[in-house]
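> After the structure tokens below, expect a handful of questions from me.
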Amino acid sequence: MLKRYLLFVLIFFSIFSISVEAFAEAYPDLSAEAYILVEMETGQVLAEKNADQRRSPASTTKIMTALIALERADLDKEMTASEYAINSIPYDYVTAGIRIGETLKFKHLLDLMMITSANEASNIIAENIAEDGTLQGFTQLMNEKAKELGLNNTNFTNANGTEDENHYSTARDLANLAREAMKNETFREVVGRKEFELPDTNLRKKEQWQTGHLTYTNQLLNSRSSYYSQITGIKTGYTDNAGMCLVSSAVNPDGLELVAVVLGTKSYDILFRESQQLLEYGYKNYSIRELAKKGEYVDRVEVEDAVDGKKLEIITNNGFEWILPANDEILNEKLESEIKFNKPDDEPFKAPIEAGQVVGVKEYRYDGEIIGEVELVAKKSIEKTTFAIIRDKYKEIVSNERFIFGLKAAGILLVLIIILSYILKAINHRNRRNRRYRYTRPKHSRKRHYRY
């Protein structure tokens, strides 16, 4: 009986001594060779694996192609297909069947490139955007943009993702590229769609397009989940070297939007399943946490020289939200805050203080790293007492360098005057003695002596 009791106690304490970390779901165990999950707005990383490994990006390259084109061309701009744009596509790559010399508007080429992944559409766009009309000119724009965005492990040699040993990126860079592209409302609208229309052109009527093989490639757009409300994009990719790839994004009812990059799976079924698992991991384990509200009470402190001894009420000047663990126990263990006032720690606040005056900050740390801060301000003005005003004015005057210089000069002048006065007095005294001696001396008659 005693042994059973001891065994029960041991099990009980073993369970409750488990680290809080055990309540957090571990990173999802995905077969993908590399992945990353980030928050759309801030880029905060929620999960990753081999995120900085250079890999072939395949057709996810087209995210950059679309971004540059949207920055430089009107959607109704007409673009004509060159012979090179059509014939340079390898035979086993997806195409829309655009003909040499055929002219389409940019908006239709954009749909074909981003929704169906038509590779010649990328080339046509690139040639019509580049100033020199070449694919090389366009890839130069791509690499300049990559450098501008800080995509330090990315290099492009073409506009569609054709295999090349010098054409590479990483899961992290692709996530940041997607975040930038999704700021463009046209890009966002296109990559969130499954439907597209092909127009009449200079070479055919719209019903003459052979579209049986053309369909949307991002099957994740059909997914349903209790953790997110909508898949918002973005782009698939595949080559033998790259494996199956997907840059995807989703949003939940709270407005939290995440970007998932999954690279190098062995099948599309695995790709879409693991992309969904990665997104759901984020929504299950993280949420938007409001750490501070604007106007929130922080503290009430003494103020030196305050009229009527009023105290300073400190409030927040702005709100602050961050993506943090949904589990409160984990959050409370790792979240810290520190108030820093704009004064030495061993000195009090001093009047006067204006309403809205910044008096410090409240700094937030998660797992030892600073994640943000809010300004702290005075809620109301605090006036200074009349006595303190006079005292400080006196101190100001007597500590003023010009005043001190003037005081020293006056002192020196006074000493000189005293010395001069003493000298003059001494001279005057001597002169009086000399005059007195001259007037009191007896008069003696002179005798004349003659020689005989």
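> Identify all residues within the stretch 262-302 that are of a type outside the set (A, V, I, L, M, F, W, C), part of a strand (DSSP E or B) and more than 30 Å from PRO57 (Cβ to Cβ); write none if there are none. Walk me through it before giving the result.
Going residue by residue through the stretch 262-302, those that are of a type outside the set (A, V, I, L, M, F, W, C) are 264-269, 273-277, 280-287, 289-290, 293-297, 299-300, 302.
Next cut, part of a strand (DSSP E or B) only: 264-265, 286-287, 289-290, 297, 299-300.
Listed by number, the residues that qualify are SER287, ARG289, GLU290, TYR297, ASP299, ARG300.
> Follow-up question, since we're still on this one. Output the number of the condition that VAL301 fails; it satisfies all remaining conditions of (1) touching a Cys at 6+ places or on another chain (Cβ under 7 Å); (2) outside the structural domain of LEU110 (by TED's automatic domain parsing).
(1)
Each row is one residue, and each column tells you yes or no for (1) in contact with a strand residue (DSSP E or B) (Cβ under 8 Å, 6 or more places away or on another chain); (2) assigned to a helix (DSSP H, G or I); (3) surrounded by fewer than 24 Cβ atoms within 10 Å (Cβ to Cβ).
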{"residue": "ASP52", "(1), (2), (3)": "no, no, yes"}
{"residue": "THR60", "(1), (2), (3)": "yes, yes, no"}
{"residue": "MET64", "(1), (2), (3)": "no, yes, no"}
{"residue": "ALA85", "(1), (2), (3)": "no, yes, no"}
{"residue": "ASP92", "(1), (2), (3)": "no, no, yes"}
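> Filtering the stretch 164-216 down to residues that are loosely packed, with under 12 Cβ neighbours inside 10 Å, acidic (Asp, Glu) and under 23 Å from VAL94 (Cα atoms), which residue is nearest to the chain's Cα centre (by Cα)?
Ranking the qualifying residues of the stretch 164-216, first place goes to GLU189.
> What is the number of the single condition among (1) charged (D, E, K, R); (2) buried (at least 21 other Cβ atoms within 10 Å of the Cβ); (3) in contact with a helix residue (DSSP H, G or I) (Cβ under 7 Å, 6 or more places away or on another chain) that GLU274 does not meet?
With (1) charged (D, E, K, R); (2) buried (at least 21 other Cβ atoms within 10 Å of the Cβ); (3) in contact with a helix residue (DSSP H, G or I) (Cβ under 7 Å, 6 or more places away or on another chain) applied to GLU274, the lone miss is (3).
> Moving on to the next point. Look through the stretch 349-381, keep the residues that are among the hydroxyl-bearing types (Ser, Thr, Tyr) and within 18 Å of the chain's Cα centre (by Cα), and return whichever of them is surrounded by the fewest Cβ atoms within 10 Å (Cβ to Cβ). Walk me through it before giving the result.
Just the residues of the stretch 349-381 that are among the hydroxyl-bearing types (Ser, Thr, Tyr), to begin with: 364, 366, 381.
Imposing the further condition that a residue be within 18 Å of the chain's Cα centre (by Cα) reduces the set to 364, 366.
Numbers: TYR364: 21, TYR366: 19.
Applying the filter and picking the extreme gives TYR366.
> Just to be sure, is ASN218 under 30 Å from HIS167 (Cβ atoms) and either of a type in the set (Ser, Thr, Tyr) or outside the structural domain of ALA326 (by TED's automatic domain parsing) (or both)? Lay out the reasoning, then the answer.
Values: under 30 Å from HIS167 (Cβ atoms): yes; either of a type in the set (Ser, Thr, Tyr) or outside the structural domain of ALA326 (by TED's automatic domain parsing) (or both): yes.
Yes; evaluated as a whole, the condition is true for this residue.
> Here's another thing I want to ask about it. May I ask you to list the residues in the stretch 129-151 that are buried (at least 20 other Cβ atoms within 10 Å of the Cβ) and among the β-branched types (Val, Ile, Thr)?
Selection gives ILE129, THR139.
> A further question on this structure: Could you grab me the full set of residues in the stretch 221-241 that are in a loop (DSSP other than H, G, I, E, B) and farther than 19 Å from THR95 by Cα?
Within the stretch 221-241, the subset in a loop (DSSP other than H, G, I, E, B) is 223-229, 240-241.
If the condition is that a residue be in a loop (DSSP other than H, G, I, E, B) and farther than 19 Å from THR95 by Cα, then SER223, ARG224, SER225, SER226, TYR227, TYR228, SER229, ASN241 are the ones that fit.
> Of the conditions (1) surrounded by fewer than 22 Cβ atoms within 10 Å (Cβ to Cβ); (2) under 29 Å from the mean Cα position of the chain (by Cα); (3) not charged (D, E, K, R), SER225 satisfies every one except a single condition; which number is it?
(2)
> Would you call GLY101 in contact with an Asp or Glu (Cβ under 6 Å, 6 or more places away or on another chain) and either part of a helix (DSSP H, G or I) or modelled with pLDDT of 95 or more (or both)?
Values: in contact with an Asp or Glu (Cβ under 6 Å, 6 or more places away or on another chain): no; either part of a helix (DSSP H, G or I) or modelled with pLDDT of 95 or more (or both): yes.
In short, no.
> While we're looking at this one, here's another question. State which residue is nearest to LEU214 (Cα to Cα) when the search covers only the stretch 87-106 and only residues that are among the aromatic types (Phe, Trp, Tyr) and out of contact with any helix residue (DSSP H, G or I) (no Cβ under 6 Å at 6 or more places or on another chain).
In the first step, residues of the stretch 87-106 are kept if they are among the aromatic types (Phe, Trp, Tyr); the result is 91, 93, 106.
This time we only want the ones that are out of contact with any helix residue (DSSP H, G or I) (no Cβ under 6 Å at 6 or more places or on another chain), so: 91, 106.
Values: TYR91: 16, PHE106: 18 Å.
Ranking the candidates gives TYR91 first.
> Same structure again: Take the conditions surrounded by 13 or more Cβ atoms within 10 Å (Cβ to Cβ), over 27 Å from ASP254 (Cβ atoms) and either at pLDDT 95 or above or of a type in the set (S, T, N, Q) (or both) and apply them to GLU33. Does it pass?
Numbers: surrounded by 13 or more Cβ atoms within 10 Å (Cβ to Cβ): yes; over 27 Å from ASP254 (Cβ atoms): yes; either at pLDDT 95 or above or of a type in the set (S, T, N, Q) (or both): yes.
Yes: the conditions hold for GLU33.
> Return a yes/no flag: does the stretch 234-246 have any residue that is out of contact with any Leu (no Cβ under 7 Å at 6 or more places or on another chain), among the small types (Gly, Ala, Ser) and exposed (fewer than 15 other Cβ atoms within 10 Å of the Cβ).
Taking every residue of the stretch 234-246 in turn, none turns out to be out of contact with any Leu (no Cβ under 7 Å at 6 or more places or on another chain), among the small types (Gly, Ala, Ser) and exposed (fewer than 15 other Cβ atoms within 10 Å of the Cβ).
> Also, I was wondering about something else. Just checking, which of ALA130, ALA81, ALA121 is under 14 Å from ASN158 (Cα atoms), touching a strand residue (DSSP E or B) at 6+ places or on another chain (Cβ under 9 Å) and in the same structural domain as GLY264 (by TED's automatic domain parsing)?
On the way: ALA130 fails: touching a strand residue (DSSP E or B) at 6+ places or on another chain (Cβ under 9 Å); ALA81 fails: under 14 Å from ASN158 (Cα atoms).
Testing whether each residue is under 14 Å from ASN158 (Cα atoms), touching a strand residue (DSSP E or B) at 6+ places or on another chain (Cβ under 9 Å) and in the same structural domain as GLY264 (by TED's automatic domain parsing) leaves just ALA121.
The values are calculated or read from the model by the stated rules, or taken from the named source; none is laboratory data. Predicted model, so just to flag it, every value in this text is computed and none were measured. As a convention, Cβ positions derive from the backbone with ideal geometry for all residues, glycine included, and neighbour counts pool all protein chains shown.
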